[in-house]
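The values are calculated or read from the model by the stated rules, or taken from the named source; none is laboratory data. From a predicted model like this one, the values you see are computed outputs, not experimental measurements. Cβ placement follows ideal geometry from the backbone for every residue including glycine, while neighbour counts extend to all protein chains displayed. These area figures cover heavy atoms from the full protein model, side chains too; ligands, DNA and RNA do not enter into them. Shrake-Rupley method; radii C 1.70, N 1.55, O 1.52, S 1.80 Å.
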Amino acid sequence: MKKMGDMLLRRDAFSEIVMGNTAIVRAMVEAGTRVVTSYPGSPTPEIALAIQSIPGEIRPFYFEFSTNEKVATELAYGAAVNGHLSTVFFKSVGLNVAADTFVQLSLMNIIGGMVVVLGDDPGANSSQNEQDNRHYAAMSYTPVLEPADPAEVYRFYLEAARLSQTHRMPVILRLTTHVCHAKERVSFDAWHPAHPDDTPRFDPAHGPYIPLTVQAIDQKRAAMARLEQVRRHAEQTELNRIVENGNAARGVITMGLPFLSLMEVLDGVAVKPDILKLGYVHPLPREKILDFLASHQEIKVLEELDDMTENQIKAMAFDHQVPVRIIGKTQPEDWIGEYTPDKVHQVLSATWPDLIQPGPAAPKDDPAPQRPPQMCPGCGHRSAFHAIKQALAPSDITVADIGCHTLGFMQPYEMGQLLMCMGASTAMASGLRLFNTRRKVVAFLGDSTFFHAALPGIINAIFNRHPITLILMENGTTAMTGHQDHAASGKNVNEATDRIPVRQVLEGLGVKHIAEVDTYQQAKLAELVVEATSIDEFSVVIARHPCMLKFTREQRKNPTYRQKHVTIDQRVCERIHTCIETFGCPTFSRDSEGNVSINTDLCIGDGSCIQTCPTKAINPAGKKAKGGAA
């Protein structure tokens, strides 16, 4: 059986079917990367899984999950100015967290080189927006390379590392969701590991590294000069290439996933447009683009999200008086979503209907039923929300945060009526509590987010005496992105020495009212929430239960493991349907006559549902109900 870690460290040249998030790790190895940092977030967590498949003692670089994206960026930068090639990776909105540091990076002389890998998310598949991080690149004078498939992810990382080391500046490798998760056979070069030279090379003489006043202005000039050098290189690199189809009338300028979708849409088209496929999306190869414009009558700019490339190309054509018609985005939907083949077909058929025929009308059949996301069977958050809802009045305000517990906003719980970003719940709740004496305000927060971004809001609530209740949903892992460790979980679950317990942090901050309870103790949790919300000071309830998905996966590694499940005594069940309509575990289903059954493939036998049944009809497997209706 193949092992990913062995594959990533192979010495000889080889090819393998891998996803983009795996190909990039092999590129890190070949490039001689020495430091890699991250905070987990989709679509990039599989990069960390690939890294962690290499045993730490033979891994050719240092890797850590940092407290948040800003810390991860700063740590990678510190290593890079000490002479070590470094990489930081995180999801699209993670750049917002890192921005205060990130926007300064290009002002610095980064002697070791630094690659910033962004997992942008057109379509908001797993994010609260679909922001286009090319704006950050333009604002900060940072080059951006954008691959289209796993093979390019591998090649483009190597290019980004070389570029960064040559020009001593950060380089963004912009991945998108489809590119991260796509799979194809990638040809990898041989790897000839050399003993790393880890001599510390930081020297203030390489700077300046203090971006203040006049010095910052000089550093900006240097950053702009470096970016111009990169632009000149972009004119020559093969990463920007033309697909010649002999069409002087029409051309398309595109990049990344839209390029692959375009190639699929054009398959079978008799007269294909010429295509300029960009690998460098910032700065753009001006001369190559101008030549392409000048040799065609019409140009379609095909790019996901914002019209950044389109606007720059139109400005180039205007400044150089190139007589060409440039067609960019024409309707609001062109700014929205992933440019999959279906989307590109729609865009091109609207642009050139004689070239691409409009697709068939959507079938009028009933659409497939919706499959909304939901918490896993046995999830402690479900028990928590079921209990907490009973402790609050319908008029009370609940503030959500980022994590698996965000799903509490959905029916049947409806816990979390507004959401912004990681760690924002406490401060938003504090604002909602002002001039508000009649409605209780409760904020939710996860334990990973507690350390990521929530501490300033908590400190503010303590310092400014905001009488809100914080419910800290502690499940011992960063569950939503794949069970990564964090400060409260520790790096080794069997050792407590490296953990930073959240209660100790809260006590150290001066929180006077702290209660703790396992979320499966639903009556006790409801009681504690009633008590906490009646206190006219900042209060915290730590609602704790381990992530049951993680727990069950670990249990299944034991050869003696046998899956358990609950049963329903149909003689006792009165079809009240609390298990479905109020508790909402997905293992329960009901037929057209109202009979409730258990999906034994889903049920893990945790028993958190047993206490919710008003007639005591739910029992552990093999055990019958003791009595009749309650």
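Table for the structure above
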item	result
C-alpha center-to-center spacing [the stretch 210-263, the stretch 161-178] in angstrom	12 Å
Residues whose placed amide H lies under 5 Å from that of LEU470, excluding near-sequence neighbours	ALA443, SER539, VAL540, VAL541
Ordering of 588-596, 149-157 by packing [mean C-beta count within 10 Å, highest first]	149-157, 588-596
Cβ-derived FRET efficiency at R0 41 Å, ARG201 paired with GLU238, nearest 0.05	0.80
J(HN,Hα) series, the stretch 49-58, from Karplus relation 6.51 cos²θ - 1.76 cosθ + 1.60, nearest Hz, glycine and proline x	4, 5, 4, 6, 6, 8, x, x, 6, 10
Across LYS524/LYS616; LYS3/LYS343; LYS440/LYS616; LYS91/LYS557; LYS220/LYS300; LYS91/LYS343, pairs whose alpha-carbon gap is larger than 26 Å	LYS3/LYS343; LYS440/LYS616; LYS91/LYS557; LYS220/LYS300
The stretch 99-153, relative contact order [Cα under 8 Å, separation at least 6], %	33 percent
Accessible-area order (highest first, 1.4 angstrom probe) of the listed residues ASP198, ASP569	ASP198, ASP569
Inter-part distance where the stretch 129-160 and the stretch 440-493 are each reduced to a Cα centre, Å	32 Å
Accessible area, probe 1.4 Å, largest first, for residues LYS3, LYS300, LYS440	LYS3, LYS440, LYS300
Relative contact order %, the stretch 490-572, counting alpha carbon pairs below 8 Å whose residues are six or more apart	22 percent
For the stretch 236-344, convex hull volume per residue from C-alpha positions, Å³	98 Å³
Inter-centroid distance (Cα atoms) of the stretch 297-317 relative to the stretch 1-41, Å	34 Å
Note, ³J(HN,Hα) from phi for the stretch 449-457, Karplus 6.51, -1.76, 1.60, rounded to Hz, x at Gly and Pro	5, 3, 7, 5, 8, 8, 4, x, x
Cα-based shape type of the stretch 153-251, given that a ≥ b ≥ c are square roots of the gyration tensor eigenvalues and the cut on a/c is 1.5	oblate
About the Cα centre, charge dipole magnitude for the chain (Lys/Arg +1, Asp/Glu -1 at Cβ), debye	1360 debye
Dipole-positive endmost among VAL572, TYR154, ALA368 within the chain (Cβ charges, Cα centre)	VAL572
Average projected area [Cα convex hull, the stretch 1-152], square nanometres	9.4 nm²
5 angstrom amide H check on MET255, placed H, neighbours 5+ away	LEU278
Dipole axis of the chain (+1 Lys, Arg; -1 Asp, Glu on Cβ), positive-most option in THR398, GLY607, VAL322	GLY607
Per residue solvent-accessible surface (Å²) - the chain, probe of 1.4 Å	46 Å²
Accessible-area composition of the stretch 291-426, carbon plus sulfur, in percent [1.4 Å probe]	55 percent
For peptides 200-210, 575-585, sequence by mean Cβ density within 10 Å, most packed first	575-585, 200-210
Prolate/oblate/rounded label for the stretch 59-149 (Cα gyration tensor, a/c 1.5)	prolate
Within the accessible area of the stretch 1-120 (1.4 Å probe), percent carbon and sulfur	54 percent
Protein accessible area in the stretch 526-630, 1.4 Å probe - carbon and sulfur %	50 percent
For the chain, calculated [θ]222 nm from helices alone, where every DSSP H run of n ≥ 4 adds -39500 (n - 2.57)	-10000 deg cm²/dmol
The stretch 326-471: C-alpha gyration tensor shape, a/c 1.5 cut-off, then a/b vs b/c	prolate
Peptides 13-25, 468-480, 336-348 ordered by average Cβ neighbours within 10 Å, highest first	468-480, 13-25, 336-348
Amide hydrogen neighbours beyond the local backbone of VAL117, cut-off 5 Å, H modeled	VAL88, PHE89, PHE90, LEU173
Note, ³J(HN,Hα) from phi for the stretch 545-555, Karplus 6.51, -1.76, 1.60, rounded to Hz, x at Gly and Pro	6, x, 4, 6, 5, 5, 4, 5, 4, 5, 5
Per-bin percent of Cα-Cα distances, the stretch 123-180 [10 Å]	22, 46, 29, 3
The chain: relative contact order as a whole-number percent, Cα under 8 Å and 6+ apart	10 percent
